[in-house]
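Asker: Before I ask anything, let me first share the structure, which is written out below as structure tokens.
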Amino acid sequence: MHRLLTVFALGLLSGCALYHGPVNPKFPVTEEMAQADQRRMQADPKPLARPVVVIGSYRGPDPIVEAMTIELARMTTGERDDFLRIPTWFDGDIDKIAEKTVELVDNRWPVDAQGFENKTREVDVVGLSMGGLAARYAADQLEGRRLKINRLITIATPHRGAIAAEGSPLIEDTAIVDMYRRSLFLTKLDEAYKGDYEIIPYARLDDRIVGTINTAPPGRWPIWTNSARFTSHLTINEDRRILTDVARRLRGEEPRGEEGEPLPSSELGE
């Protein structure tokens with residue numbers, strides 16, 4: 001949920017902010033370690049097992065999501081054309097974003113519908129915030145043609161809803177209502193998910209937009225790390241520690257982040 005002016009204003013502060021909070025023993029990556037890993041991967045391109053689709057956040061400005069997409073491309077194949085970014089800047093409806101995702105994937109990587117069970121070519125997906133929900137809807141609930149996902153890597157996605165959605169004045173957007181905690185939309189997503197693809201959730205502590213506890217599907221913990229003060233959710237798309245770990249997964253390398261570490265007690269009341 002990245003609003004343009006807010007992101008730009010807070011982004012100016014994030015450059016001088018230091019990460020604070022406890023270190024996750026299952027994801028103890030420092031900025032220095034991430035920078036070294038970034039340089040290594042950029043110098044040694046690797047082919048992808050399958051194309052990658054990047055779905056933006058709630059009305060996420062295209063330049064911000066594009067910058068993240070380019071960075072992931074640089075750390076994997078080095079080719080931006082191996083990635084497809086789904087724009088969400090002017091969309092306030094998760095259903096429509098899901099439909100657009102299927103259409104754009106089919107256009108970029110067409111397949112013969114016969115033998116594909118009315119699904120697209122198999123892809124990996126990186127979903128930024130709301131983008132993760134759009135991917136799940138495209139894979140599990142769309143009527144007709146659906147998105148065939150192998151792995152869904154989510155970054156600060158409100159799998160259990162977003163605390164800020166319930167206080168938002170933007171009720172004209174159906175996406176806002178769908179992101180209420182315990183909404184009918186989220187309930188149906190959870191009921192529809194049968195484990196046909198892997199969901200890998202990343203998060204940062206002190207997320208006051210989604211709530212860190214809400215960034216993993218029910219019954220699971222996200223792969224979490226500490227954050228910059230005041231800008232946890234709004235600048236997670238720039239977090240080199242998370243992006244390098246995502247790139248390692250896309251390259252077929254062993255990730256450094258592992259799921260399973262409980263959140264600090266201060267994060268459980270979201």
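The values are calculated or read from the model by the stated rules, or taken from the named source; none is laboratory data. Quick caveat, the model's predicted, so the values are computed rather than measured. Don't worry about glycine lacking a Cβ; one is built from the backbone with ideal geometry, like all the others, and counts go over all protein chains shown.
Asker: Among (1) in contact with a helix residue (DSSP H, G or I) (Cβ under 7 Å, 6 or more places away or on another chain); (2) surrounded by 23 or more Cβ atoms within 10 Å (Cβ to Cβ); (3) not aromatic (F, W, Y), where does P255 come up short?
Answerer: So P255 meets the others, but not (2).
Residue-by-condition table, conditions (1) in contact with a helix residue (DSSP H, G or I) (Cβ under 9 Å, 6 or more places away or on another chain); (2) at negative phi; (3) touching a residue at least 12 places away in the same chain (Cβ under 8 Å):
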site	(1), (2), (3)
A156	yes, no, yes
H159	yes, yes, yes
L205	yes, yes, yes
R220	no, yes, yes
S227	yes, yes, yes
R249	no, yes, yes
E259	no, yes, yes
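Asker: Counting only residues that are of a type outside the set (A, V, I, L, M), over 14 Å from the mean Cα position of the chain (by Cα) and at pLDDT 95 or above, give me the helices (runs of 4 or more DSSP H) lying completely in segment 158-270 with at least 2 of them.
Answerer: On the way: elements: 174-178, 184-192, 240-251.
In segment 158-270, the matching helices (runs of 4 or more DSSP H) lie at 184-192, 240-251.
Asker: Against the definition (under 16 Å from G21 (Cα atoms), surrounded by fewer than 22 Cβ atoms within 10 Å (Cβ to Cβ) and out of contact with any His (no Cβ under 7 Å at 6 or more places or on another chain)), how does P218 come out, yes or no? Step through it out loud before you land on a result.
Answerer: Details: under 16 Å from G21 (Cα atoms): no; surrounded by fewer than 22 Cβ atoms within 10 Å (Cβ to Cβ): yes; out of contact with any His (no Cβ under 7 Å at 6 or more places or on another chain): yes.
No, not satisfied.
Asker: In segment 88-114, which residue that is farther than 16 Å from A139 by Cα and at pLDDT below 95 is nearest to the chain's Cα centre (by Cα)?
Answerer: Result: W89.
Asker: In addition: For A49, indicate whether it is of a type in the set (G, A, S), closer than 30 Å to P262 by Cα and not in a strand (DSSP E or B).
Answerer: Working: of a type in the set (G, A, S): yes; closer than 30 Å to P262 by Cα: no; not in a strand (DSSP E or B): yes.
The answer is no for A49.
Asker: Right, here's the next one. Can you go through A73, A34, A67 and tell me which one is within 26 Å of P158 (Cα to Cα) and more than 16 Å from the chain's Cα centre (by Cα)?
Answerer: On the way: A73 fails: more than 16 Å from the chain's Cα centre (by Cα); A67 fails: more than 16 Å from the chain's Cα centre (by Cα).
Exactly one residue qualifies, and that residue is A34.
Asker: When both residues are 6+ apart or on different chains and their Cβ atoms are under 7 Å apart, which pairs have a first residue that lies in segment 21-43 and is in a loop (DSSP other than H, G, I, E, B), and a second that is among the aliphatic types (A, V, I, L, M) and at pLDDT 95 or above?
Answerer: Going by the 7 Å Cβ cut-off, the qualifying pairs are G21/L205; F27/I223.
Asker: Still on this model: Considering every residue within segment 187-202, establish whether at least one is surrounded by fewer than 14 Cβ atoms within 10 Å (Cβ to Cβ) and more than 18 Å from I149 (Cα to Cα). Quick ask: steps written out before the conclusion?
Answerer: Of segment 187-202, the ones surrounded by fewer than 14 Cβ atoms within 10 Å (Cβ to Cβ) are 187, 191-192, 194-196, 198.
Adding the requirement that they be more than 18 Å from I149 (Cα to Cα) leaves 187.
Yes; the residues of segment 187-202 include at least one that is surrounded by fewer than 14 Cβ atoms within 10 Å (Cβ to Cβ) and more than 18 Å from I149 (Cα to Cα).
Asker: Any idea which residue in segment 120-157 is surrounded by the most Cβ atoms within 10 Å (Cβ to Cβ), counting only those that are in contact with an Asp or Glu (Cβ under 8 Å, 6 or more places away or on another chain) and part of a strand (DSSP E or B)?
Answerer: Looking at the filtered set, the residue picked out is I153.
Asker: Tell me, which residue of segment 72-99 that is among the polar types (S, T, N, Q) and more than 11 Å from G56 (Cα to Cα) is surrounded by the most Cβ atoms within 10 Å (Cβ to Cβ)? If you could, list the steps in order and put the result at the bottom.
Answerer: From segment 72-99, those among the polar types (S, T, N, Q) are 76-77, 88; that's our starting set.
Among the residues that remain, those that are also more than 11 Å from G56 (Cα to Cα) are: 76-77.
On the way: T76: 24, T77: 18.
Of everything passing the filter in segment 72-99, T76 is surrounded by the most Cβ atoms within 10 Å (Cβ to Cβ).
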